[in-house]
Amino acid sequence: MSNLAVTAIEVLIFPGILFLTSYALYCNWINRKFAARLQNRIGPLHTGWNGILQPFADVIKLLANEDITPASANKTLFLLTPIIIFALPLAALFVIPIQSLSNLWSYAPVAAFEGDLIVVLFLLTIMILFIFLGGWSSASRFGAVGAERAALMMIAYEIPLGLVAISPAIMAGSMSLNKIVEWEVSSFANFLAAPSLPGILLGVTLLIGAGIYVICLLAELEMRPFDISEAETEIVHGWQVEYSGKKLALLHLGHEFKLVLAAALLTSLFLGGPAGPWPIPPIVWFVAKTTVCVFILSNLSVLFARFRIDQMLSWAWKYLVPLAVLQVMAVIVLSGVI
Amino acid sequence: MSEREYIIPIGPQHPALKEPENFLFKVDGEIVVDVEPRIGYNHRGIEKAMESRTYIQNLYIVERVCGICSNAHQTAYTQCVEEVLGMEIPERSKYIRVFVQELERIHSHLLWLGVAAHEIGFDTLFYYIWRDREVVMDLLEMVSGNRCNYAMPTIGGVRRDISKENFPMYHKMLDTLHERTLYYLGVCASEKTILERAAGVGVTSKADAIRLSAAGPTARASGVESDIRKDSPYLIYDEIPFKMYTETGGDVLSNVLVRVNETMEAAKICKWVLDNIPDGPIKEKFSPMSRVPEGEAVSLVEAQRGELIHYLQSRGENKPYRYKIRAPTLGNILTVIEKLKGGYIADIPIVLAGIDPCFSCTDRMVFVDEGKDRMWDMNGDQLRRYGIRWYEK
Amino acid sequence: MSVLEENNKTVERLTEHIGKKDVLEATVPRERRAFVRVPKERLLEAAAFLHDKENLKHVTTITAVDTGEDLQVIYHLRKKDLSLSLKVNTPYDDPKVPSITGVYNGAALYEREVYDLMGVVPEDHPDLRRLILADEWPEGVFPLRKEWDVKSLRKRVDGEEWGRNE
Amino acid sequence: MSLVTWARTRSPWLIHFNAGACNACDIEVVAALTPRYDIERFGAVIKGTPRHADVMVVSGSVPRKIRDRLKRIYEQMPEPKFVVAVGSCAISGGVFQDCYNVMEGVDKVIPVDAYVPGCPPKPEAILDGVVKLLMSAGY
């Protein structure tokens, strides 16, 4: 067995495309099921065990449906957007530490390099640009308004999102997700061995950071209360309004990858990634921790009414950005102490 | 029209409108500059149809003017006919009519509250409210046999009696409704995201409400004391002790508070009716071929959405000579246009929903104007032009 | 003073204001209801009087009736404890009435409605467009007039039998 | 049963179109979403745009003006598409037969695959109609 074959399997099957796709569908099911239960409903039930195959059925059906391109749409952009929105989060997921095939207890990501955190953040930003283009190219007024709103929202949450994601990196002294996870594991072990006041302070600061991060992720994922760009009752489905069939399936998958990516980032940056006490392999920890993150996200999203775009913008700039800056400053100060 | 403005059509198929309706919004960025309502997608020609049907047949068509306020329409219709006939209906039937009317008010207001929550993107609240609304639907089903379109009032009384053995159960269900509504009142008055979206949004002043002849809860939310049940009591409303709620804000929040308070008041009225209902017959005889003497009558009813007027002119046949219905929503359209101007796109659904529009009522007599062609000239921007052309396809 | 007496007083004051010979018909069939008929030339005067002096600030609706000889327009005005129906008649060949939108701002849509369905033309209406009728609806076909029944209306508008086949 | 067929029967996305109904059918369609009936158990979701939908739930007697809109919305749906006519009005015009401005039935305008009678039908009946349609629509 050459190294190449292992890498190929890692990319294509586990923990690569196949695993990520099924995991994304699983996360979608978790999200829907949790939301339904919190809303006093049952949610998907008759498709597979407790409806677990529901997202799978949705995607298969969409793939088989007719694909309509509006006559007045910009054909190239209209075609390109779903592919890119599908591909970007998938690409970003390859740098997330999940599970290595070469060693059962190792969680080195498929593609790791110094600075991959920056790449992930960059990909997240680029995605919004393509959402904007996708909405704009569909030549529907609802699409245009949705695209405009998506871009406006990005201005509000992208800065705190980036700032907060940097703070664990500052502590770890590395821009690599894998290294950040390793730092988390070792420093947590150190802290347990010898608890100290700066350690507690750092923990609290990072917790605040995680809170801000969750809020930004809700906006990134266009979940309530920030589903402003695809608000169903206001502008139908916003920038997605014109997509159907295969393109819609890709958009759906892309959105679900984004959900996984969000949960995985949250896990990697603040919850110690796939690491955990010994006899359980990293993959189990990864699944458990990301499921908890999805639960947190879906729980928050059913608790609120949708914000209006201007409210969201002013709120983000008034509170979220300063808080994120303060948090990063606190982390820098503490990193000097520890 | 400036460069920055473009037009967003809402309706006739739009998730915020459960009914076919078309509003044209000229928007500048996120701000609404002008609104043009185009009512008429639901025009069925009921008034004309009624002129060729007998009085008993008309009972059913009048009920289906609107499925949400069916009992209000039937009450108004039967009152009209009975007034021209000079018929005095049995006491017990009046109580039953009020009972069903107030149940319908609870059902309609809870429905509205849920839809309003949905419009501001608060689906969880929508699901909870509609879950509790099923209680009143069950109650209506027990009383009348159907969840909507109850067919209770008939000319000369009511069609079905309510039985005494069920009263304890009715009381219990009404208590549940009252308690849950109180809870939702607390939620609506304290939950921050709701207040952000509802307070100070879509304001109508008291002077404007009077000037534009606003009706019902919409007027009461602006501080106008107008309630047919108090102003021009019909059935037994002059005997029932109940309170008229008004708010002074005139915004969406005031609309919510007025309707929630009215829901609880309606539950109290229902309980009062159950406690005080006299025994006796429930209807007078009126045969399908009976003729109604020459005359005219105006019947006013406080439907859930406001003042409802029916006007009957009879020429001594077994069919009406002219029958006119005006539903409250038409009276509130001018108000809602005032409310929408200068607001945000995001506020359109909740402000529209704020008057609890019921276009199937409104449109019996109105036609549509598509008028698409006009928009073409007004629209300079190439891309937006494309958007409109697409919409045409 | 009972409600009925109060209502009678209102109608009396209106009669006094308009002048006895111009009040063609005035009845108070029961408490809280009144019907008054005036010539169409005096409509605005009567409406203004009721709005300003008698506090009937609310216009409920406007009904138009095809009486067989002419068109009758009924303005349903309301205040607490009284719903007064003010009637005017206007001939078929000149179906004009003065617009009351200047006095009652809320009447704008109702006047457009009767304009569409009965062909009653409110003069000096600020915004009298064919708002409600569709563009393809033929000119001069007013569906609520008695000259049309459902069948002939369908034939006229669609040029053929439309909908269910009999 | 192929995989695609299986997926289609398990994932009907609905669009609700009110073609001049009296609202009774419409509130019952909405009620089918709510906790007691919860149409999502069958994988059905109400979508706002015809492009995302597979099944159109139409209520109402189709007044003259809505006719073109109904056609247009139907044409915007991707294939394969199904139509469920909910309520007596959507089936035959119901009580509004012989009104000058109604079409008397959705099937005069677009092809209908399933009829759910009732005035209005209960939410259970609407659910049943959708599920039966999927189980029998040539699959």
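The values are calculated or read from the model by the stated rules, or taken from the named source; none is laboratory data. A quick note: this is a predicted structure, and the numbers were derived from the prediction, not measured. FYI the Cβ positions are ideal-geometry reconstructions off the backbone, even for glycines, and counts take in every protein chain you see.
Condition (residue is under 16 Å from the mean Cα position of the chain (by Cα) and surrounded by fewer than 17 Cβ atoms within 10 Å (Cβ to Cβ)) applied to segment C:77-93: is it met by at least one residue?
Of all residues in segment C:77-93, those under 16 Å from the mean Cα position of the chain (by Cα) come to C:77-78, C:83-92.
In the following step, the residues that additionally are surrounded by fewer than 17 Cβ atoms within 10 Å (Cβ to Cβ) were identified as C:91-92.
Yes, some residue in segment C:77-93 is under 16 Å from the mean Cα position of the chain (by Cα) and surrounded by fewer than 17 Cβ atoms within 10 Å (Cβ to Cβ).
With D:Gly43, D:Gly105 as the choices, which residue is facing another protein chain (nearest Cβ under 7 Å) and of a type outside the set (Lys, Arg)?
D:Gly43
Does segment B:281-305 hold any residues that are at pLDDT 85 or above and loosely packed, with under 12 Cβ neighbours inside 10 Å, and which are they?
Once the filter is applied, which keeps residues that are at pLDDT 85 or above and loosely packed, with under 12 Cβ neighbours inside 10 Å, segment B:281-305 yields B:Lys285, B:Pro293.
Looking at segment D:1-29, which of its residues are outside any loop (DSSP other than H, G, I, E, B) and within 14 Å of chain B (Cβ to nearest Cβ)?
D:Trp13, D:Leu14, D:Ile15, D:His16, D:Phe17, D:Asn18, D:Ala24, D:Cys25, D:Asp26, D:Ile27, D:Glu28, D:Val29 - these are the residues of segment D:1-29 that are outside any loop (DSSP other than H, G, I, E, B) and within 14 Å of chain B (Cβ to nearest Cβ).
Taking segment D:31-40 as the region of interest, how many residues are at the interface with chain B (Cβ under 7 Å from one of its Cβ atoms) and crowded, with 22+ Cβ neighbours inside 10 Å? Write out each step before concluding.
Taking segment D:31-40 and keeping what is at the interface with chain B (Cβ under 7 Å from one of its Cβ atoms), we get D:31, D:34-36.
Now narrow it down to the ones that are crowded, with 22+ Cβ neighbours inside 10 Å: D:31, D:34.
Selection size over segment D:31-40: 2.
Only one residue in A:Ser268, A:Ser335, A:Ser244 is of a type in the set (S, T, N, Q), under 30 Å from D:Pro50 (Cα atoms) and touching a residue at least 40 places away in the same chain (Cβ under 8 Å). Which one?
Being of a type in the set (S, T, N, Q), under 30 Å from D:Pro50 (Cα atoms) and touching a residue at least 40 places away in the same chain (Cβ under 8 Å) holds for just one of A:Ser268, A:Ser335, A:Ser244, which is A:Ser244.
Can you name the condition, by its number, that D:Cys89 falls short on among (1) facing chain B (nearest Cβ under 9 Å); (2) part of a loop (DSSP other than H, G, I, E, B)?
Exception for D:Cys89: condition (2).
Please go through (1) farther than 20 Å from D:Leu3 by Cα; (2) more than 8 Å from chain D (Cβ to nearest Cβ); (3) without any contact (Cβ under 8 Å) to a residue 12 or more places away in the chain for A:Asn31 and return the number of the only condition it doesn't satisfy.
Just one mismatch for A:Asn31, condition (3).
Can you pull out the residues in segment A:104-136 that are buried (at least 24 other Cβ atoms within 10 Å of the Cβ) and small (Gly, Ala, Ser)?
Result: A:Gly134, A:Gly135.
Residues that are touching a Ser or Thr at 6+ places or on another chain (Cβ under 6 Å): list the helices (runs of 4 or more DSSP H) wholly contained in segment B:103-209 that include at least 1 such residues.
Because the criterion is at least 1 residues that are touching a Ser or Thr at 6+ places or on another chain (Cβ under 6 Å), the helices (runs of 4 or more DSSP H) in segment B:103-209 that meet it are B:123-144, B:167-190.
Kindly indicate whether B:Gly121 is small (Gly, Ala, Ser), buried (at least 21 other Cβ atoms within 10 Å of the Cβ) and within 9 Å of chain D (Cβ to nearest Cβ).
Here the answer is no, as B:Gly121 does not meet what is asked.
Condition (residue is among the small types (Gly, Ala, Ser) and surrounded by fewer than 21 Cβ atoms within 10 Å (Cβ to Cβ)) applied to segment C:104-116: is it met by at least one residue? Talk me through it step by step, then tell me what you get.
Taking segment C:104-116 first, the residues among the small types (Gly, Ala, Ser) are C:106-108.
Narrowing further to those that are surrounded by fewer than 21 Cβ atoms within 10 Å (Cβ to Cβ): none.
For segment C:104-116, residues among the small types (Gly, Ala, Ser) and surrounded by fewer than 21 Cβ atoms within 10 Å (Cβ to Cβ): absent.
In segment B:225-270, what residues are charged (D, E, K, R) and crowded, with 23+ Cβ neighbours inside 10 Å?
Across segment B:225-270, the qualifying residues are B:Asp227, B:Arg259, B:Glu262.
Within segment A:271-292, restricting attention to residues that are part of a helix (DSSP H, G or I) and touching a residue at least 60 places away in the same chain (Cβ under 8 Å), which residue is surrounded by the most Cβ atoms within 10 Å (Cβ to Cβ)?
Ranking the candidates gives A:Thr290 first.
Looking at segment D:93-118, which of its residues are surrounded by 20 or more Cβ atoms within 10 Å (Cβ to Cβ) and not in a loop (DSSP other than H, G, I, E, B)?
Matches in segment D:93-118: D:Gly94, D:Val95, D:Phe96, D:Val102, D:Val106, D:Ala114, D:Tyr115, D:Val116.
Go through (1) modelled with pLDDT under 85; (2) touching a helix residue (DSSP H, G or I) at 6+ places or on another chain (Cβ under 6 Å) for D:Tyr37 and report which single condition fails.
So the condition that D:Tyr37 fails would be (1).
Being buried (at least 22 other Cβ atoms within 10 Å of the Cβ), at pLDDT 80 or above, away from every other protein chain (no Cβ under 14 Å) and over 30 Å from B:Ala116 (Cα atoms): is that true of A:Val260 here?
Answer is yes for this residue.
Any residue in segment A:305-316 that is touching a Gly at 6+ places or on another chain (Cβ under 7 Å), in contact (Cβ under 8 Å) with a residue 40 or more places away in the chain and part of a loop (DSSP other than H, G, I, E, B)?
Checked segment A:305-316: at least one residue is touching a Gly at 6+ places or on another chain (Cβ under 7 Å), in contact (Cβ under 8 Å) with a residue 40 or more places away in the chain and part of a loop (DSSP other than H, G, I, E, B).
Could you list, in sequence order, the residues of segment B:60-82 that are among the acidic types (Asp, Glu) and modelled with pLDDT of 90 or more? Write out each step before concluding.
Of segment B:60-82, the ones among the acidic types (Asp, Glu) are B:63, B:82.
Within segment B:60-82, B:Glu82 is the sole residue that qualifies.
Does C:Arg30 satisfy the criteria of being among the charged types (D, E, K, R) and modelled with pLDDT of 90 or more?
no
Please go through segment B:98-137 and give me each residue that is of a type in the set (Gly, Ala, Ser) and within 13 Å of the chain's Cα centre (by Cα), ordered by number.
Of everything in segment B:98-137, just one residue is of a type in the set (Gly, Ala, Ser) and within 13 Å of the chain's Cα centre (by Cα), namely B:Ser108.
Which residues, counting only those in segment A:34-53, are polar (S, T, N, Q), in contact (Cβ under 8 Å) with a residue 12 or more places away in the chain and not in a helix (DSSP H, G or I)?
Across segment A:34-53, the qualifying residue is only A:Gln39.
For segment D:37-55, which positions are over 22 Å from D:Arg72 (Cα atoms) and either of a type in the set (Asp, Glu) or in contact (Cβ under 8 Å) with a residue 12 or more places away in the chain (or both)?
Matches in segment D:37-55: D:Tyr37, D:Asp38, D:Ile39, D:Glu40, D:Phe42, D:Gly43, D:Ala44.
Which of the following residues is surrounded by fewer than 20 Cβ atoms within 10 Å (Cβ to Cβ), more than 8 Å from every other protein chain (Cβ to nearest Cβ), in contact (Cβ under 8 Å) with a residue 24 or more places away in the chain and more than 25 Å from D:Ile46 (Cβ to Cβ): A:Leu18, A:Leu90, A:Leu4, A:Leu101?
Within the list A:Leu18, A:Leu90, A:Leu4, A:Leu101, the selection yields A:Leu101.
Select, from B:Val273, B:Val336, the only residue that is buried (at least 20 other Cβ atoms within 10 Å of the Cβ), modelled with pLDDT of 85 or more, part of a helix (DSSP H, G or I) and not charged (D, E, K, R).
Criteria check complete, one pass: B:Val273.
If the requirement is being touching a Ser or Thr at 6+ places or on another chain (Cβ under 8 Å), surrounded by fewer than 19 Cβ atoms within 10 Å (Cβ to Cβ) and outside the structural domain of C:Leu144 (by TED's automatic domain parsing), which of these qualifies: C:Glu41, C:Glu31, C:Glu25, C:Glu16? Show your work before the answer.
Values: C:Glu41 fails: touching a Ser or Thr at 6+ places or on another chain (Cβ under 8 Å); C:Glu25 fails: touching a Ser or Thr at 6+ places or on another chain (Cβ under 8 Å); C:Glu16 fails: touching a Ser or Thr at 6+ places or on another chain (Cβ under 8 Å).
Exactly one residue qualifies, and that residue is C:Glu31.
Quick check on segment B:96-119: of everything there that is of a type in the set (Gly, Ala, Ser) and touching a helix residue (DSSP H, G or I) at 6+ places or on another chain (Cβ under 8 Å), which residue is modelled with the highest pLDDT?
So the residue we want is B:Gly114.
Closer than 20 Å to A:Leu152 by Cα, within 14 Å of chain B (Cβ to nearest Cβ), modelled with pLDDT of 80 or more and part of a helix (DSSP H, G or I), is that true of A:Ser298?
Taking the combined requirement at face value, the residue does not satisfy it.
Just to verify a result, which residue in segment D:60-86, among those that are free of Cβ contacts under 8 Å to residues at least 60 places away in the same chain, outside any helix (DSSP H, G or I) and among the β-branched types (Val, Ile, Thr), is surrounded by the fewest Cβ atoms within 10 Å (Cβ to Cβ)?
D:Val83
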